[in-house]
Structures are given as structure tokens and as C-alpha cells.
1. For residues in segment 162-172 being within 16 Å of the ligand (Cβ to nearest atom) and more than 20 Å from A246 (Cβ to Cβ), which is surrounded by the most Cβ atoms within 10 Å (Cβ to Cβ)?
2. For segment 243-255, state whether one or more residues are part of a loop (DSSP other than H, G, I, E, B) and away from the ligand (no atom under 16 Å from the Cβ).
3. Any residue in segment 32-45 that is more than 17 Å from S233 (Cβ to Cβ) sitting within a Cβ distance under 6 Å of a residue that is surrounded by 13 or more Cβ atoms within 10 Å (Cβ to Cβ)? List the pairs, counting only those 6 or more apart or interchain.
4. Return yes when Y126 is touching a residue at least 24 places away in the same chain (Cβ under 8 Å) and buried (at least 19 other Cβ atoms within 10 Å of the Cβ) and no when it is not.
5. Checking D224 against (1) away from the ligand (no atom under 16 Å from the Cβ); (2) over 19 Å from the mean Cα position of the chain (by Cα); (3) under 19 Å from A49 (Cα atoms); (4) in contact (Cβ under 8 Å) with a residue 40 or more places away in the chain, which single condition isn't satisfied?
6. All but one of (1) closer than 25 Å to E64 by Cβ; (2) basic (K, R); (3) buried (at least 22 other Cβ atoms within 10 Å of the Cβ) hold for R209; which doesn't?
7. Residues R358, R326: which one is surrounded by fewer than 19 Cβ atoms within 10 Å (Cβ to Cβ), without any contact (Cβ under 8 Å) to a residue 24 or more places away in the chain and basic (K, R)?
Amino acid sequence: MRAFNFCAGPAALPTAVLERAREELLDWRGAGCSVMEISHRNPLYMEVAGKAEQDLRTLLSIPEHYAVLFLSGGATTQFSMVPFNLARQDAPADYIDTGHWSAKAIREGARYTRARVVASAREDGYRSVPECPREAFDEGAAYVHYCPNETIHGVAFPFIPETGDVPLVADYSSAILSGPLDVSRFGVIYAGAQKNIGPAGITVVIVRRDLIGRARPDTPALYDYALHAGQGSMANTPPTYPWYLAGLVFEWLLEQGGLPAIEAVNARKAEKLYACIDGSDFYRNPVRPDCRSRMNVPFTLADDRLDNAFLEESAASGLLFLKGHRAVGGMRASLYNAVPEEAVDALVAFLQEFERTRG
Ligand SMILES: *Cc1c(COP(=O)(O)O)cnc(C)c1O
């Protein structure tokens, strides 16, 4: 019996994907061994890797003038890899500060370049996103970095910042593939896999090709996008099994009808949960409604002395990992693609029952 899993990451994977992985685990498509036991240069594996990239390109309609890289190191590695590849000595790099993850990117970026915070939601307690008029950004900046979906604060941008000719860099870890995206608006999109792509261990980087090959001279070889783009992300051994599993997730998404279809489900899931929270005086979500994340829904109980009981009883009801991040406290339900609508229905029923008996 699989419980409903609301973990923020590593997060739920589609049951159908895990079943297929189990079926193929010992003898992968007649190879006589597991897919994780063969060389990444074996033509059979190259086909898996190439198909995963192709399916991702189909899902996101990624234009040809973008490279897709499958790297290790997590999204956090991109906090430094981006400045190594895109920063310039004669220019600042502009950052938008909207909470925990963008702040980490800023701190790391500042070690390698002149990182300027040009817009921040700090004053607002990270309950919204700042306005980002084009004038906010330096026309000569090397790039603008932001986090479209702040996984911990549950804040999402309702718009894509307009940065003119300055490449826009987005940490899309917790919202990629949750709906269609106009990739052509971005210079770089990166995302750790363990939220909406697959298991931890692989990171997808989508980078406009004209931004490749500009890394500063002291860039470690494995930090250079050019090396990975030139060798099909196989300059060294890639995380082969996570890559394979990500490919199964992409196939599953295509079977669901692609990103427009999954976005409709995600919209319904989020609406149901926010409606339940807003319709009660017992639960509360502090985020400005137009900036609420569909993927990560933090909420608090009116009486935090009930937090432990809430967590125990929800887990006992088969609703897992609702504890909020320690940075903000309270609860958090993450509603990634692999969390089915029935999970949200069960959560809403539980919330109502808990309020009725304990509120
Ligand atoms: C989870 C997350 C990260 C960190 O990812 P790692 O793979 O642990 O490095 C970074 N940014 C965002 C928005 C995240 O949700």
C-alpha cells in the first residue's frame, strides 16, 4: 500500500514509473543485467539518454538553439556554475531575492562575481514577489538570476521578469514540468531532479547555445557548460540510473497528455487545497494570493501546540511528510506532478476532520 506523499523533496514519483523500473530492474530489456550495470557509452544506454533528452525537448518545446545538459551536483552546484560560465569582469550580475533558495544563490554567486540584489521581497516577509520593472535591471548586467518557485516559502512568480537582452537565469527546481513554459524567454533554466523530474542525483540544465563557451579561464573543467554540451553530458560518468528514471517520468508525462494536461490537474489540486485553507479560521497560508505556489503549499494551524498531533494523525491516515521546513515552521504540502488529485482530496478531508475534532 503506497501512502500519499507530500514530501518537498526528494519527492513522490509516479507509481507507474516505479512499477516499470521494478519490472526492468534485474534484466533490462533483455540485456541480461540492470540498466545501472552497463557503460554509459554502450549504444543501448546512449539510446536511453538520447530518448530522455528528446522527450524533455518535446514536453517543453525546447528550441534547437538550446542545449540540454544532464549533470550531477544538484541545483546548488548551479549557484556557482552559473557565475563561472556567465559572469563577466566588467559587469554586475543582478539577482532577485524572494526567499530561501534565491538567497542561497545570491550568497554563492557573490563569491565569484559582483552580485547585486536588484529586487527583494524581504520587506514583505517573503509573502509575495517584488515588482520587477525592466528599469530594475542593469542593461549591461551579465545575467539576471531568480527563483520562479520558492519551495520553502511557497511563493511563485505569476510572471516572467522582462530583462531585455540580459540573459535570464532561473532556478526552476520545484516547478519545472508543472506546466508549459516559454523556454525562449530564458538564457539558462536549471532544476535539480528530485522535485518534479526524478530521483535525486541528476540536474537538468537548459542553456541557450550562444551562452556556452564563455566560461572564465580558471573554471574547473567539469564546471564548464562547453565541456558537457560538447560531449553529450558524458564528459565523465553521468548519474546513469537517475537519468534513466527521469526518462521514464518524461514518458509518463507524455502519456498523461503532456504539460497542458498536467497543468490542469495541478491547478485543480492547488485550488482545492487553498480553498480549504482560506475557508477556515483554523488554517492559514500567508502568501499573497496571486503569488501562491501550486507546487508547495505552506500553512500553519491556529494553535501550534497542535502541530505534533496534526503530524502524527495525518501520518497515521496515510498522509506523509506534511511537516513544514524548519526555516518557516508549520506545515507544508508539496503537490508535485506525481501527487495524484486523490491525495489532495484525502488531505482536504483530513484537514476538515482535524479542525472539526481539534479546532
Ligand atoms: C531543492 C531546491 C534546491 C536544492 O537542490 P539540491 O539538489 O539539493 O542542490 C535549490 N533550489 C530550489 C528552488 C529547490 O527547490
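Each value in this text was obtained by applying a stated rule to the coordinates, not by laboratory testing. Computed from a predicted structure; not experimentally measured. Using ideal geometry, Cβ is built from the backbone for each residue, glycine included, and neighbour counts are taken over all protein chains shown.
1. V169
2. Going through segment 243-255, the residues part of a loop (DSSP other than H, G, I, E, B) turn out to be none.
For segment 243-255, residues part of a loop (DSSP other than H, G, I, E, B) and away from the ligand (no atom under 16 Å from the Cβ): absent.
3. S34/W28
4. Numbers: touching a residue at least 24 places away in the same chain (Cβ under 8 Å): yes; buried (at least 19 other Cβ atoms within 10 Å of the Cβ): yes.
So Y126 passes the test.
5. Every condition holds for D224 apart from (3).
6. Going through (1) closer than 25 Å to E64 by Cβ; (2) basic (K, R); (3) buried (at least 22 other Cβ atoms within 10 Å of the Cβ) one by one, R209 breaks only (3).
7. One residue alone meets the criteria, R326.
Results for (1) closer than 21 Å to A264 by Cα; (2) in contact with a strand residue (DSSP E or B) (Cβ under 7 Å, 6 or more places away or on another chain); (3) among the acidic types (D, E); (4) touching a residue at least 40 places away in the same chain (Cβ under 8 Å), shown as yes or no for each residue.
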position	(1), (2), (3), (4)
N149	yes, yes, no, yes
V166	no, yes, no, yes
F186	no, yes, no, no
I206	no, yes, no, yes
A215	no, no, no, yes
